[in-house]
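Bear in mind that the values in this text are calculations on the coordinates, not laboratory data. This structure is a prediction, so every number in the text was calculated from the model and none was measured. For neighbour counting, all protein chains shown are included, and Cβ atoms are generated from backbone atoms with ideal geometry for every residue, glycine included.
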Amino acid sequence: MSAEESGTTGEFDQKTLDDAEYCRSKCMICIRARKKERGLMQWILQKVEGSCEKCRAFETVYGVPAHRKPAV
């Protein structure tokens, strides 16, 4: 999902969009936590997502914490 597809064009700077895209499509911890929606990866992610720049960008862009699936 690109910025154009999600309707976020012009609302966020490019770095925030790039960080959110990395979290959504390349971060193995975040991907596993969202896929299973329970377990060790989700627990770890809930503890560290406030300190991760990419997780914060994901939450800013998609409006949900990085350990949850965005509503599409």
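Multiplying the residue separation of Ile44 and Ala71 by 0.36 nm and removing their Cα-Cα distance gives an extension gain of 7.5 nm. Once the dipole of the stretch 13-62 is set up with Lys and Arg at +1 and Asp and Glu at -1 on Cβ about the Cα centre, which of Leu45, Tyr22, Cys55 lies farthest towards its positive end? Positive-most Cα among the choices belongs to Leu45. Kindly list the residues of the stretch 51-72 that lie in the label zone of Asp18, defined by a backbone N under 19 Å from the point 7 Å along the Cα-to-C-beta vector. Inside the label zone: 52-62. The label point for Lys35 and the one for Ser51, both projected 7 Å from the Cα toward the Cβ, are 2.6 nm apart.
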